[in-house]
Each structure stands twice: as structure tokens, then as C-alpha cells.
1. Restricting attention to the range 78-88, and to residues there that are in contact (Cβ under 8 Å) with a residue 12 or more places away in the chain and of a type outside the set (Ser, Thr, Tyr), which single residue is least open to solvent (accessible area, probe 1.4 Å)?
2. Which residue, of Thr95, Thr88, is polar (S, T, N, Q) and in contact with a Leu (Cβ under 8 Å, 6 or more places away or on another chain)?
3. What number of residues within the range 183-209 satisfy the criterion of being open to solvent by 60 Å² or more (accessible area, probe 1.4 Å) and under 15 Å from the mean Cα position of the chain (by Cα)?
4. Output the number of residues of the range 210-219 satisfying the condition of being open to solvent by 20 Å² or more (accessible area, probe 1.4 Å) and touching a residue at least 24 places away in the same chain (Cβ under 8 Å).
5. If you go through the range 58-75 one residue at a time, do you hit one that is acidic (Asp, Glu), open to solvent by 50 Å² or more (accessible area, probe 1.4 Å) and under 29 Å from Arg154 (Cα atoms)?
6. Suppose we filter Val165, Val171, Val148 for residues that are of a type in the set (Val, Ile, Thr), under 25 Å from Lys99 (Cα atoms) and at pLDDT 95 or above; which single one remains?
7. With respect to Gly91, is the statement that it is crowded, with 20+ Cβ neighbours inside 10 Å, part of a helix (DSSP H, G or I) and on the phi < 0 side of the Ramachandran plot true?
8. For the range 104-125, name all the residues that are more than 19 Å from Glu213 (Cβ to Cβ), part of a helix (DSSP H, G or I) and open to solvent by less than 60 Å² (accessible area, probe 1.4 Å).
Amino acid sequence: MQKITTILFDMDNTLIDRQLAARALMRKIVDDDFENLKTNAEIERIVDRLMEWDDEGATPKDIVFSKYLEEYPQEGKHWDSYNLKWWTHLGEYTTPYPKAMEVLKALHGRYKLGMITNGVGKTQRVKIAKLGCEPYMDLILVGGEEEVQKPDSRIFKKALDLLGVSAAETVFVGDSLEFDVIGSLNVGMTPIWIHPDPTKTTDLPVRRIFRIEDLLELL
């Protein structure tokens, strides 16, 4: 295998705990709708439903909030108002994984580092700022700014072109089998799948880590 010179990262559920942030904002949304009307246990069950529909960010929010309003009707409200609240405030709840910046600092200078993240530009830029990763990144591409999202090969190829490297010398680290692993495989990169749940497995030809700090043991 060609020597690895470049490591590209996903952001949500790779460098930051997107699920923790998502749940906190879902809880705020439900609290606002049902303040003093439901018990804490009832609210948590509704939040559980929202997180299930969200599917770790894979489901578009118009679908998530349309389902929410079907099951829990709110007079005079439409899914687009929830969608706006979501993309306006999600970045505020950003929580980096404890070792994320330590890993980036350890790799900086040894490899070219970059990020390809899906999502709305304004929201993702808030998360990036809260993570504090920009000094260590040679490249950051946000799907919403590029008008093309993972797993589309074009955004992976653009990163390679801008960095001046080949796919064969590049590793991509991400949590989504569809967007990160298959997307990077399709352009010839070496994927590393990060996911904390040991019950989730795959037959894809990919190395697996459970925490971002495990990456240092593979390189």
C-alpha cells in the first residue's frame, strides 16, 4: 500500500458528539412545545422518537419534523419553523469529543489534514469554530457551501485536487457507512470507520475504530 500522507475527517459523530448536541436541541424543542403539559418522562419519550426518526442525522429534517407534527400536532405550526430553529441553533450545542483536538494536534505536521462535512454552511461553520480545529486543517469543505454533499465523488475529488494528493495516499475517517466509507472507497481512498456501538458491524472492507483516539494506534 502506498504511504499515507493525508488524513481527511468527517466532523459530526467523528470529531464532535453530534448525537449529544442533537438530543439537547430536540429536548429544547419539545420542552418549548409542552412546557408544564407533560412530565419529564413523557418528554423524554418524545425526544427518543425524534432521535429515532433523525437516524444519526441521515433523515432530512423536514421529514423528521413532519412526523413529529403528525404524532404531536401543534396548532398553527409547520415543519419549516422547526427546520429553521434546527439549523439556526444546532451549532450552539456543539460538544467536541474529549480527545478530538489532542488527536489533531498529534497528527498535525506528520500528515496533511482536512475535513469534508455535510450540512448547512452557517451551522457547520459554527461547529467548526467551537471545535477549534481550523489551525490544524489544511482544508475544510462544507457540503452546503460546495452545493454537493458526500457521498458524491466530486467533493472528495475536489479535496484531493486542492491538497495536491492522490486518493491512494489518503485516509478518510468518518462514522457513516453510506456517506463516509462508501463515498471515500468509491474514489480510491482508504476509509476508517468510527462508531462507538460494537453491535453495529459491516462487511465492507474497512478498518474500524470506536473512539477518535484509537486512530493514533493505526497510524
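The values are calculated or read from the model by the stated rules, or taken from the named source; none is laboratory data. Keep in mind that what you see is a predicted model, and the values were worked out from it rather than measured. Here the Cβ positions follow ideal geometry from the backbone for every residue, glycine too, while neighbour counts run over all protein chains shown. Side chains included, ligands, DNA and RNA excluded: accessible areas come from the protein's heavy atoms. Shrake-Rupley method; radii C 1.70, N 1.55, O 1.52, S 1.80 Å.
1. Trp86
2. Values: Thr88 fails: in contact with a Leu (Cβ under 8 Å, 6 or more places away or on another chain).
Of Thr95, Thr88, the one residue that is polar (S, T, N, Q) and in contact with a Leu (Cβ under 8 Å, 6 or more places away or on another chain) is Thr95.
3. Residues meeting the conditions: 1.
4. The initial filter retains those residues of the range 210-219 that are open to solvent by 20 Å² or more (accessible area, probe 1.4 Å), namely 210-211, 213-214, 216-219.
From the residues that got through so far, the ones that are touching a residue at least 24 places away in the same chain (Cβ under 8 Å) too are 211, 213, 216, 218-219.
Qualifying residue count for the region: 5.
5. Here is the first cut: in the range 58-75, the ones acidic (Asp, Glu) are 62, 70-71, 75.
Next, from what is left, pick out any that are open to solvent by 50 Å² or more (accessible area, probe 1.4 Å): 62, 70-71, 75.
If we keep only those that are under 29 Å from Arg154 (Cα atoms) as well, we get 62.
Yes; the residues of the range 58-75 include at least one that is acidic (Asp, Glu), open to solvent by 50 Å² or more (accessible area, probe 1.4 Å) and under 29 Å from Arg154 (Cα atoms).
6. Numbers: Val165 fails: under 25 Å from Lys99 (Cα atoms); Val148 fails: under 25 Å from Lys99 (Cα atoms).
Answer to the check: Val171.
7. Numbers: crowded, with 20+ Cβ neighbours inside 10 Å: yes; part of a helix (DSSP H, G or I): yes; on the phi < 0 side of the Ramachandran plot: yes.
The answer is yes for Gly91.
8. From the range 104-125, those more than 19 Å from Glu213 (Cβ to Cβ) are 112, 114, 116-125; that's our starting set.
Still in the list and also part of a helix (DSSP H, G or I): 121-125.
Those that are more than 19 Å from Glu213 (Cβ to Cβ), part of a helix (DSSP H, G or I) and open to solvent by less than 60 Å² (accessible area, probe 1.4 Å): Gly121, Thr123, Gln124.
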